[in-house]
1. Can you find a residue in region 36-59 that is outside any strand (DSSP E or B) and touching a Gly at 6+ places or on another chain (Cβ under 7 Å)?
2. Looking at G3, is it modelled with pLDDT of 95 or more and assigned to a loop (DSSP other than H, G, I, E, B)?
3. For the subset of region 12-27 comprising residues that are at pLDDT 95 or above and open to solvent by less than 50 Å² (accessible area, probe 1.4 Å), which member is farthest from the chain's Cα centre (by Cα)?
4. Tell me which residues, restricted to region 42-56, are surrounded by fewer than 12 Cβ atoms within 10 Å (Cβ to Cβ) and of a type in the set (A, V, I, L, M, F, W, C).
5. Looking only at region 57-90, count how many residues are open to solvent by 100 Å² or more (accessible area, probe 1.4 Å) and at pLDDT 95 or above.
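The values are calculated or read from the model by the stated rules, or taken from the named source; none is laboratory data. No experiment lies behind these values; they were computed from the predicted model shown. All Cβ positions, glycine included, derive from the backbone under ideal geometry; neighbour counts span all protein chains shown. Remember, those area values only see protein heavy atoms, side chains included, never the ligands or the DNA or RNA. Shrake-Rupley method; radii C 1.70, N 1.55, O 1.52, S 1.80 Å.
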Amino acid sequence: NEGDFRSNRRSGFENIEPTKCSDEVSDIAIKSVECMGLEFGGVDILVGKGGIYVLEVNCPCQFSEPQICTGTDIAGNIVDFLRKKSELILKN
């Protein structure tokens with residue numbers, strides 16, 4: 001919509017391209033989720049000349065579009081993680 005300030009407006013998958021981030025950005029994203037006390041989350045990161053900036057950590061987060069775009073079975077990975085976690089809880 002005219003005047004919309006957001007950059008992530010839903011516009012279909014033709015404008016989405018998967019990108020491999022650096023190990024540093026990946027580590028920052030993981031640590032950002034962990035420092036919030038979460039086991040899963042979406043992290044908005046801005047990488048620029050001035051450095052790497054964490055904008056926000058979202059939980060719950062919308063992972064269906066990245067799953068389709070990248071071909072990564074995010075939902076399946078979450079289920080596997082929860083299954084293993086429940087087995088550990090029941091074992092202890």
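1. Yes, some residue in region 36-59 is outside any strand (DSSP E or B) and touching a Gly at 6+ places or on another chain (Cβ under 7 Å).
2. no
3. Of everything passing the filter in region 12-27, V25 is farthest from the chain's Cα centre (by Cα).
4. L46, L55 - these are the residues of region 42-56 that are surrounded by fewer than 12 Cβ atoms within 10 Å (Cβ to Cβ) and of a type in the set (A, V, I, L, M, F, W, C).
5. Here the count works out to 6.
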